1. Identify, by number, the condition in (1) more than 16 Å from the ligand (Cβ to nearest atom); (2) more than 30 Å from Gly255 (Cβ to Cβ) that Glu319 doesn't meet.
2. Return the residues of segment 389-432 that are within 16 Å of the ligand (Cβ to nearest atom) and either in the same structural domain as Asp271 (by TED's automatic domain parsing) or part of a loop (DSSP other than H, G, I, E, B) (or both); say none if nothing qualifies.
3. Are there any pairs, at least 6 apart or on different chains, whose C-beta atoms fall under 8 Å, with the first in segment 43-67 and modelled with pLDDT of 75 or more and the second assigned to a strand (DSSP E or B) and open to solvent by 70 Å² or more (accessible area, probe 1.4 Å), and if so, which?
4. Checking Ala537 against (1) surrounded by fewer than 18 Cβ atoms within 10 Å (Cβ to Cβ); (2) within 13 Å of the ligand (Cβ to nearest atom); (3) of a type in the set (A, V, I, L, M, F, W, C), which test does it fail?
5. Select from segment 262-276 the residues that are surrounded by 17 or more Cβ atoms within 10 Å (Cβ to Cβ) and touching a residue at least 40 places away in the same chain (Cβ under 8 Å) and list them in ascending order.
6. Give just the number: which of (1) assigned to a loop (DSSP other than H, G, I, E, B); (2) surrounded by fewer than 23 Cβ atoms within 10 Å (Cβ to Cβ); (3) within 16 Å of the ligand (Cβ to nearest atom) does Ala503 not satisfy?
7. From the list His324, His318, which one is surrounded by 22 or more Cβ atoms within 10 Å (Cβ to Cβ) and in the same structural domain as Tyr526 (by TED's automatic domain parsing)?
8. Please find, within segment 419-464, the residue that is nearest to Leu370 (Cα to Cα) out of those that are surrounded by fewer than 18 Cβ atoms within 10 Å (Cβ to Cβ) and touching a residue at least 40 places away in the same chain (Cβ under 8 Å).
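The values are calculated or read from the model by the stated rules, or taken from the named source; none is laboratory data. Predicted, not measured: the structure shown is a model, and the values here were computed from it. Using ideal geometry, Cβ is built from the backbone for each residue, glycine included, and neighbour counts are taken over all protein chains shown. For accessibility, only protein heavy atoms count, side chains too; no ligands or nucleic acids. Shrake-Rupley method; radii C 1.70, N 1.55, O 1.52, S 1.80 Å.
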Amino acid sequence: NFDESFDNVLIFDYDKAYEEGTVGAEELIYSDGRERLSLNGKWRFHVDVFDSAIRGRFFDEVLKDRQGRDIPSDFSFETWEEVEVPGQWNTVRPEYALYEGTSLYLKDFDYSTLKGEEKVFLRIGAANYECRVWLNKQYLGKHVGGFTPFMFDVTHQLQEKNRLLIYVNNTRKSEAVPSLNFDWFNYGGLTRGVELIKVPREYIKTFKLNLVSDNQYDKLELQVELGGYIGRARVCTLSIPELGISRELEIDNKGKVQAIIKAKPELWSPDNPKCYQVKLKCDEDEVTDQIGFRQISTSGHRILLNGKDIFLKGLCVHEESPLHQRSVSEEDIREVIREAKTLNCNFLRLTHYPHSEKMSQLADEMGIMLWEEIPVYWCLEFANPTTYKNAQNQMRELIKRDNNRASVIIWSIGNENPDTEERLAFMSGLAHTVKEMDDSRLVAASCLIDLDLYQIKDRLTEHIDIIGVNEYYGWYFRDYDGLIKILDNSHVDKPVIITETGAEAVSGRHGQADELYTEECQDAMYQNQFKVISKYAYIRGITPWIMYDHASMRRMSTIQKGYNLKGIISNDRKHKKLAYYTVQEFYSKY
Ligand code: GCB
């Protein structure tokens, strides 16, 4: 059978390579200062429900049988439709709105051939969910996980005329992260940008610069790792002109730099989002970035930013444009942050997966603290080692991407997961991974309440710095007595953030406060919640659910009509519900 023989070759070999970490595992710090070629814009596109293109080896372009004889084919790339990258296929045509499966993207582009010993990486900002890539008919590898960037070294595949073919499949799977059931829209496709990045033979692979942890304010810690290291570069130069820093630092024989540099930067905070122009040069490679410096820590029930007690005044937000798209523009993101600041927020919880890197860059610039999360959401196959590896990989890719962003103060390892032995091992493992990679931020998760004992109770809390609590008193539970009982009964030794609370309101629907789905009902819930929550000193932040109404495939129902309506602003961002003003006023008092 033609189809099956190719399935075996393709699926078996590539999965094994992925398992061994030999494909899709390239790493390169993302920053300005390098030669890049954007491949964004118009691509050709083909929905492929039965994977015919892969089975039929479209990427070979000439179809042959096993004996090498031509076989008739009925396809031509020229006839594929045109789509925009970044984007999602769901908005291309009404027929694709709820499509979950395979699609193929094709881009032809020219590249001037490499003269010296440079390397070129192909970087895909995000592809939801599984992605396989061919360049000039050669298979580069696959990536799993819909929200983090990944790279391939394409130095040897690049030609003057190039054809890039990308398979993206957003089928929900039990073993995936997230798994089968989640409350947001499963957009499919190349949802973030695609580009080529050129680097010299020895290049800066990773670099991290932050204030030395342990609440010190006069020392920076620099960690650099070079890629392709052959011992040519002996030193790298760090410059931060505004701090009068220009330091040559020695590279060790493994191509690494670890240095402590005396400096007393002005501290970053939402009120003073001070960032410094930083340049790092190693031989021929040079990267530049805007970096802010701050300390974040906890002490008992308190959260300390630069040593000072803060209350996190936030909101949850999904990544979705007002046009019902996952791919968001810079202006869309600026609008979110501006709106949050108008609401007197100093914090946003980016749910439930990594948002675009543009968000954390702009949060640095505009001054808002962030909670970043991976989609370890509800039930996963916690006992499945492949699922763990996948979640861990998504966490690592996110940390590597944003480790120089001052705005990111919390890494969240998950949301509302059942308290089983397998889940505890899985998530405490993730907490450990985070701590190992980054001691300059806090680890959190939205944990569990025991509804029999009326207590915040979750074994995971031992492994994290901040306890998130999602509770929907006033909505899923209509009264507030339970909430008061829980908060009275809970003896936590760490700061708690109410990471979710909310109620549904159809934008513009009015009625009595006890009439469900009206703005008055939603608003009453907010007023009651704030009254209760503000009495508990161990609660050090709130991020109600949610800033904007958002699309969700599991809410195809009478009133919700495909949307989670708990936004305090409508999905098109045009209408502010009554609760908006209650949040704004409450936060103005802190
Ligand atoms: C939750 C989830 C969130 C949902 C929300 C809701 O607990 O964490 O993803 O959208 O409740 O509206 O039910």
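1. (1)
2. Glu416, Asn417, Pro418, Asp419
3. Correct list of pairs: Trp43/Glu82; Trp43/Glu84; Arg44/Glu82; Phe45/Glu82.
4. Ala537 satisfies all of (1) surrounded by fewer than 18 Cβ atoms within 10 Å (Cβ to Cβ); (2) within 13 Å of the ligand (Cβ to nearest atom); (3) of a type in the set (A, V, I, L, M, F, W, C) except (2).
5. If the condition is that a residue be surrounded by 17 or more Cβ atoms within 10 Å (Cβ to Cβ) and touching a residue at least 40 places away in the same chain (Cβ under 8 Å), then Ala263, Pro265, Leu267, Trp268, Ser269, Pro270, Pro273, Cys275 are the ones that fit.
6. Condition not satisfied by Ala503: (2).
7. Of His324, His318, the one residue that is surrounded by 22 or more Cβ atoms within 10 Å (Cβ to Cβ) and in the same structural domain as Tyr526 (by TED's automatic domain parsing) is His318.
8. Per the criteria, the residue is Asp439.
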